[in-house]
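Below is one structure, written out as structure tokens, with a few remarks after it.
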Amino acid sequence: MSVSQPITVTVNGDRKTAEVEPRLLLVHFLRETLRLTGTHIGCDTTHCGACTVLVEGVPVKSCTMLAVQADGQQVTTVEALAAGGTLHPIQAAFKQEHGLQCGFCTPGMMLTSIALLQEKPDPTDEDIRWALSGNICRCTGYMNIVKAVRSAAAQMKAAAAVPAATAAARS
Amino acid sequence: MLPAPFEYHAPNTMDEALGLLDELGEDAKVLAGGQSLIPLLKLRFASPAHLVDINKIKDLDFLEERDGMLRVGPLFRHKSAERSSLLASRYQVMADAAPQIADPIIRNRGTIAGSVAHADPSGDWGTVLLALDADLVLRSRSATRTVKAREFFSGPFSTALQPTEILSEIRIPAARPQTGGAYLKLERKVGDFATVAVAVHLQMEDGKVGSAGIGLTAVGPQNIKAGQAEAALRGASLDDTTIKEAAALAAEAAEPTADQRGSVEYKRNVVRVFTERGLKRAYERARGGG
Amino acid sequence: MAVETPLKGNIGDSIRRKEDDRFIRGRGNYVDDIALPGMLHMAIHRSPFAHARIKSIKTEAAQAVPGVVAVVTGALLAQHKLAWMPTLSGDTQAVLATDKVRFQGQEVACVVATDPYVARDAAALVEVDYEVLPAVVTPQQALEPDAPLIRDEKDGQTNNHIYHWEAGDKAKTDEAFAKADRVVSLDTFYPRCHPSPLETCGIVADVNSATGHATLYMTSQAPHAHRTLFAIVAGLPEQNIRIISPDIGGGFGNKVPIYPGYVVATAASLLIGKPVKWVEDRSENLISTGFARDFHMSGEMALSNDGRILGLRVKLLSDNGAFYADAQPTKFRAGLFHIVTGSYDVAAAHVEADGAYTNKAPGGVAYRCSFRVTEASYLIERLVESAALEMKMDPADIRLKNFIKPEQFPYMSATGFEYDSGDYPRAMQVALDKLGYQSLRQEQAEKRKKGELMGIGVASFTEVVGAGPGKHYDIAGLRMFDSAELRVHPTGKAILKLGVKSQGQGHETTFAQIVTEELGIPAADVEVQEGDTDNTPYGLGTYASRSTPVGGAATAMVSRKLRDKAKRIAAHLLEASDADIEFDQGKFFVRGSPAKSKTIQDVAFAAYTNLPDGMEAGLEGVTYYDPPNMTFPFGTYLVVVDIDRGTGQVKVRRMVAVDDCGVRINPMIVEGQIHGGLTEGFGIAFMQLITFDEEGNCLGSNFTDYLLPTSWETPRFEMGETVTPSPHHPIGAKGVGESATVGSPAAFVNAVIDAVAHLGITNIDMPVTSDKVWAALHEKGAAE
């Protein structure tokens, strides 16, 4: 066993400090050390994307990053999405459009989708399929996942438009 | 699959990193994007005693044209290449290749330099650099040297890079007017390594080929530069006969082996077909189309 | 803003899934999410060789690693009579190898440690001295007279042959062939693939040394059957075993068998007295757990000059790996492969099947399939394609000509299946219309003139799902019934407990809807529970598309049972006679006076507060449903492809899928099942392959080599439906989880063949990869 090192990672807004072996994968730090089990493991070879989390807002396969590499960084997992109990539009859309079946790929799919929508608020179906092509789903055939992302995009646009409209009405 | 134990170092400066490499020698591996290295650690195909993570070093993530060169920093990531308007307008072979690397999430972390240093014969960037006739700057604690891409690769996962060196910059001759490129990749699905890929970089002068660069992926023990095909194109007008001839020469330069992705004959044929298609696409782009 | 009235959840309502709330929050509870106090971790040392004699096993180095608690070998298990275990096909399988290893990846030793990383470190230090033996990697090799004997430990086993099995009428079939104008034949190989649910298999075994109670959290599609088998294998009293199958991250058949890892983890927990977790990694999942297919098939079809199918003759050679561990009903040695006459009215058919041991992983699970119906459907649909080519008939026309006609149902097939219902021409027509078949045929003709390759593939599958009846179908002797227990509480809310087990199919929603339909309790008020053997009635589990046909029928029947009692309570409340009470949409009323009614909630309250004299309190019941027959879903799939002559790449341009699975309980969920099944069929047709080199090394041992389709490659599906209810199912449903995986591979392959048949190419075996397509074109001088 190698010497453990202290790390401090801000996970879902909370600063978490731990002593970890350098070889500990970020996904195990999240799942085992912090017991945030919403991030799943589906393969060993960086193919399936079930372990996708956001590191500094960017989707990363947490099985292909060391926990020590996350020292000093912000990590977002699925557990952060329903802040204050209200579902994130992507969560609501995955349910509404039946974008999940067994649920195992779902956290990774949603986090990748959120990053996509931040970069491209109005993606085409092709954009969505391209962006999600590093996340494997074995159940849905992707049809309803694409629909869910499209629908979340529409919701988020509408929600963004509301405060602007309200502000305009006031002025 | 879980990695074997190792010591982890995260230096804050390049000097510190080079000092560590100097001290640790062959026991250390440089960790950049980690998208090839960490899977190898997990499968225990590689078990270095030390990892030197260069991600904390500032100013390594750059792409800039300066002094007649396009310069790529060691932490410039695939995703940035994919989104670069500079590459899309002037270095299309790179712009074409970027979105075909692995998958979108891997591209978020993986780096061009890391991929080149890893030197997988099925890797894409080495081929692109061969077509672009790039120089690689290799830096150690005591010296900095520059190696041509075509002299850098020496076999599967094997390069001129010494354990004490870091690939500190990739230098590509700045694109001149009437330049076009293309990267065609045959993969079985997103995230697969290439069955075959061909990189083409064309620079036209007065309606004739000024210079041509052709690189081949996954058809030999290392990324291959199709020198004879390049030579046949130089100074020629790009008609169907020339294209066919160059494509045939590129196919001859390939040294594929048969595997689950296909037979020797098949892969050689795809090299030929892709070289033809790549030349046509690059030519069109050099003329301002596509 | 318009407010939508929430749907109550009747049959036909696409209500949103009840289970989703936890999954979208990352609050699912999968086996690997479970952590018990003091829990240890197990890792398996596996054989690098496909066939080798074990000379010695040294565990000292592994044992010496700090954190290692125990190293378990076959020798240790043998002391507890656990070195071997029975399989679901009546064979035996090594739990940990003692004498020989018989496939690459076979379990040899297990390390139990305080930390999963340490367990892995130590497992690599187990030293095994092997004498490598020649490997047998195909069933053809296996049956050669001088082939190495794989199962030399079995008394009386002198070669590698496992079984011979026949169905149909040989003499009658020979007669049909003698009368035939034309005979078409096809030799094809349905290669080995793997279900690969995104969650791998695993267990947390917690044996309490004080009480002897074993709680096993397991990735199990069949927890009750597994409990019984555990009781038999381990000799534990069945009442002391509790299997909990929590949320399952996909199954597709992979989680039907019992794997050595489960057994060793349980034994280790028993011996050590602490909980032990074993979760396999992906490579372990691919190289050692239930594979699928691996069928070598030869079909011959006898035809009349006008394109009528007169007879069918099929020979099958199955590759069963090192242990005959297929998950299938006992009587049927090649599963339900004899459904091979498919959707066609074939008067005479004969099937001969033989199986062989090879040095490959055992399993033979029905991957999203009802016991080998996938292979059968593939063979007949490919053969009909060959017949169309031979007869120069349109592939849709030849099918229409030979379909079992709607008026022929119930239809007795030549191999002994009684098809319940169907309207095949209608499903075909809906599909053809949706695709615009004729105009695509014109486009194809024009493209062909220009040398471009485009193909249209047709497949009209018939499935057989929903086993039992129990007198014909069993798993390891356990009859294939299934169960539902319904408890309606005083406030009118209910709990439904089932013997089946969802792996993502949406049972918590679908089965609640059956209760809604039958009793009028809104689906939101029906909690569905599954997967805990202490807490649910006995059932055979979820696979072979049997949950809705059997568990769903049980749910309808138990609801009706409670409704009958509820009627009597309502009669008491309404002061009427039992016979005069009618029920509609959750309300009980006296015939002719619907205004004066009692709701199911009123009645439920009365069941605990105000009962007629002499009636037992409560509104609860349980039903064990033994189906009178299987159900036979069907459909037509159409695929359009374009082929690149330079690379051989096949691009699926369109796919139309028309399914008839009888009555659709939740259409949204049904469509989702079909989408998923089509995608797996697409993957199997074009990329998913587990193959081996000559030494028996597995060449599909991780997702770098075992290719699963992503969102980018997967076709965009166009859906259609017809509804032909099952006449014997209480609500007319047939089951749908697997249809699309069964039916679609042939449609994809037929599309490719349709594009190249004019060049003289009549078959390309799956997976249809670009290099194979190019090689076929090249051979005919038609490649770029």
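The values are calculated or read from the model by the stated rules, or taken from the named source; none is laboratory data. None of these values were measured; they are calculated from a predicted model. So basically every Cβ, Gly included, is an ideal-geometry build from the backbone, and we count neighbours across all protein chains shown.
When you look at B:LEU70, is it outside the structural domain of B:LEU132 (by TED's automatic domain parsing) and more than 30 Å from C:ASN285 (Cα to Cα), yes or no?
Values: outside the structural domain of B:LEU132 (by TED's automatic domain parsing): no; more than 30 Å from C:ASN285 (Cα to Cα): yes.
Criteria not met by B:LEU70.
Which of (1) free of Cβ contacts under 8 Å to residues at least 40 places away in the same chain; (2) within 7 Å of chain C (Cβ to nearest Cβ) does A:GLY38 not meet, given it meets every other one?
Going through (1) free of Cβ contacts under 8 Å to residues at least 40 places away in the same chain; (2) within 7 Å of chain C (Cβ to nearest Cβ) one by one, A:GLY38 breaks only (1).
Using beta carbons and a limit of 8 Å, which pairs, at least six apart or on different chains, have the first residue in the stretch C:549-575 and more than 26 Å from C:ALA733 (Cα to Cα) and the second one among the basic types (Lys, Arg)?
That search, which allows pairs on different chains as well, returns C:ALA570/C:LYS598; C:LEU573/C:LYS598; C:LEU574/C:LYS596; C:LEU574/C:LYS598.
C:ASP771 passes all but one of (1) assigned to a helix (DSSP H, G or I); (2) facing chain B (nearest Cβ under 9 Å); (3) surrounded by fewer than 20 Cβ atoms within 10 Å (Cβ to Cβ); which number fails?
All conditions are met except number (3).
Can you list residue pairs whose Cβ atoms sit under 9 Å apart, with the first residue in the stretch C:432-456 being on the phi > 0 side of the Ramachandran plot and the second being surrounded by 15 or more Cβ atoms within 10 Å (Cβ to Cβ)? Count only pairs 6 or more apart in sequence or on different chains.
Pairs that qualify, where the first residue is on the phi > 0 side of the Ramachandran plot and the partner is surrounded by 15 or more Cβ atoms within 10 Å (Cβ to Cβ), are C:GLY451/C:ARG645; C:GLY451/C:ALA782.
Mind checking which residues of the stretch C:499-540 are in contact with a strand residue (DSSP E or B) (Cβ under 8 Å, 6 or more places away or on another chain), among the small types (Gly, Ala, Ser) and under 21 Å from A:HIS98 (Cβ atoms)?
Answer for the stretch C:499-540, where residues must be in contact with a strand residue (DSSP E or B) (Cβ under 8 Å, 6 or more places away or on another chain), among the small types (Gly, Ala, Ser) and under 21 Å from A:HIS98 (Cβ atoms): just C:ALA512.
Identify, please: which residue in the stretch A:69-88 is in a helix (DSSP H, G or I) and buried (at least 24 other Cβ atoms within 10 Å of the Cβ) and is, among those, farthest from the other protein chains (Cβ to nearest Cβ)?
If we filter the stretch A:69-88 for residues that are in a helix (DSSP H, G or I), which is where we start, we get A:69-70, A:78-80, A:83-85.
So of that shortlist, the ones also buried (at least 24 other Cβ atoms within 10 Å of the Cβ) come out as A:69-70, A:78.
Numbers: A:GLN69: 6, A:ALA70: 11, A:VAL78: 3 Å.
For the stretch A:69-88, the residue satisfying everything is A:ALA70.
Can you list the helices (runs of 4 or more DSSP H) lying wholly within the stretch B:1-99 that have 1 or more residues being within 30 Å of B:GLY181 (Cα to Cα) and either touching a Cys at 6+ places or on another chain (Cβ under 8 Å) or within 13 Å of another protein chain (Cβ to nearest Cβ) (or both)?
It comes to B:37-42, B:78-82.
Only strands (runs of 3 or more DSSP E) wholly contained in the stretch C:225-316 count here; list those with 3 or more residues that are under 30 Å from C:ARG382 (Cα atoms) and at pLDDT 95 or above.
Answer list for the stretch C:225-316: C:295-303.
In the stretch B:219-286, which helices (runs of 4 or more DSSP H) lie fully inside it and hold 2 or more residues that are farther than 25 Å from B:GLN178 by Cα and touching a residue at least 40 places away in the same chain (Cβ under 8 Å)?
Result: B:264-286.
Test each condition in (1) in contact with a Pro (Cβ under 8 Å, 6 or more places away or on another chain); (2) farther than 30 Å from C:ASP693 by Cα; (3) crowded, with 24+ Cβ neighbours inside 10 Å for C:LEU88 and report the one that comes out false.
Single failed check for C:LEU88: (2).
Yes/no per residue for (1) in contact with a strand residue (DSSP E or B) (Cβ under 6 Å, 6 or more places away or on another chain); (2) touching a residue at least 40 places away in the same chain (Cβ under 8 Å); (3) among the aliphatic types (A, V, I, L, M):
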residue	(1), (2), (3)
C:LEU76	no, no, yes
C:VAL95	yes, yes, yes
C:VAL108	yes, yes, yes
C:ALA113	yes, yes, yes
C:TYR117	no, no, no
C:ASP121	no, yes, no
C:VAL126	yes, yes, yes
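Look through B:ALA197, B:ALA212, B:ALA182 and report the one residue that is within 30 Å of B:ILE105 (Cβ to Cβ), away from every other protein chain (no Cβ under 12 Å), within 20 Å of the chain's Cα centre (by Cα) and outside any helix (DSSP H, G or I).
B:ALA182
If you take the residues in the stretch C:210-225 that are touching a residue at least 12 places away in the same chain (Cβ under 8 Å) and surrounded by fewer than 24 Cβ atoms within 10 Å (Cβ to Cβ), which one is farthest from the other protein chains (Cβ to nearest Cβ)? Lay out the reasoning, then the answer.
The first filter runs over the stretch C:210-225 and keeps only residues touching a residue at least 12 places away in the same chain (Cβ under 8 Å), leaving C:211-225.
Narrowing further to those that are surrounded by fewer than 24 Cβ atoms within 10 Å (Cβ to Cβ): C:211-215.
Values: C:THR211: 27, C:GLY212: 30, C:HIS213: 25, C:ALA214: 24, C:THR215: 19 Å.
Looking at the filtered set, the residue picked out is C:GLY212.
Here are A:GLN91, A:GLN101: which of them is under 25 Å from C:GLU671 (Cβ atoms), within 12 Å of chain C (Cβ to nearest Cβ), without any contact (Cβ under 8 Å) to a residue 40 or more places away in the chain and part of a helix (DSSP H, G or I)?
A:GLN91
I'd like to check something: does the stretch A:104-120 contain any residue that is over 23 Å from C:GLN688 (Cβ atoms), in a loop (DSSP other than H, G, I, E, B) and either outside the structural domain of A:GLU19 (by TED's automatic domain parsing) or among the basic types (Lys, Arg) (or both)?
The answer is yes, given that some residue of the stretch A:104-120 is over 23 Å from C:GLN688 (Cβ atoms), in a loop (DSSP other than H, G, I, E, B) and either outside the structural domain of A:GLU19 (by TED's automatic domain parsing) or among the basic types (Lys, Arg) (or both).
Residues in the stretch C:200-209: is at least one over 26 Å from the mean Cα position of the chain (by Cα) and either within 30 Å of C:GLN104 (Cβ to Cβ) or surrounded by fewer than 19 Cβ atoms within 10 Å (Cβ to Cβ) (or both)? Please lay out each step first, then the result.
From the stretch C:200-209, those over 26 Å from the mean Cα position of the chain (by Cα) are C:206-209; that's our starting set.
Adding the requirement that they be either within 30 Å of C:GLN104 (Cβ to Cβ) or surrounded by fewer than 19 Cβ atoms within 10 Å (Cβ to Cβ) (or both) leaves C:208-209.
Looking through the stretch C:200-209, at least one residue is over 26 Å from the mean Cα position of the chain (by Cα) and either within 30 Å of C:GLN104 (Cβ to Cβ) or surrounded by fewer than 19 Cβ atoms within 10 Å (Cβ to Cβ) (or both).
Name, by its number, the condition in (1) at negative phi; (2) under 17 Å from the mean Cα position of the chain (by Cα) that does not hold for C:ARG293.
Failing condition for C:ARG293: (1).
Is there any pair linking a residue in the stretch C:695-723 that is more than 9 Å from every other protein chain (Cβ to nearest Cβ) to one that is at pLDDT below 95, with Cβ under 6 Å and at least six apart or on different chains, and which?
C:TYR706/C:GLY700
Which numbered condition in (1) free of Cβ contacts under 8 Å to residues at least 40 places away in the same chain; (2) touching a strand residue (DSSP E or B) at 6+ places or on another chain (Cβ under 9 Å) is the only one that A:GLY108 fails?
That leaves (1) as the condition not met.
Quick check on A:VAL146: is it more than 8 Å from chain C (Cβ to nearest Cβ) and in a helix (DSSP H, G or I)?
Values: more than 8 Å from chain C (Cβ to nearest Cβ): no; in a helix (DSSP H, G or I): yes.
In short, no.
Pick from A:ALA18, A:ALA50: which is more than 10 Å from every other protein chain (Cβ to nearest Cβ), at pLDDT 95 or above and in contact with a Ser or Thr (Cβ under 9 Å, 6 or more places away or on another chain)?
Only one candidate qualifies: A:ALA18.
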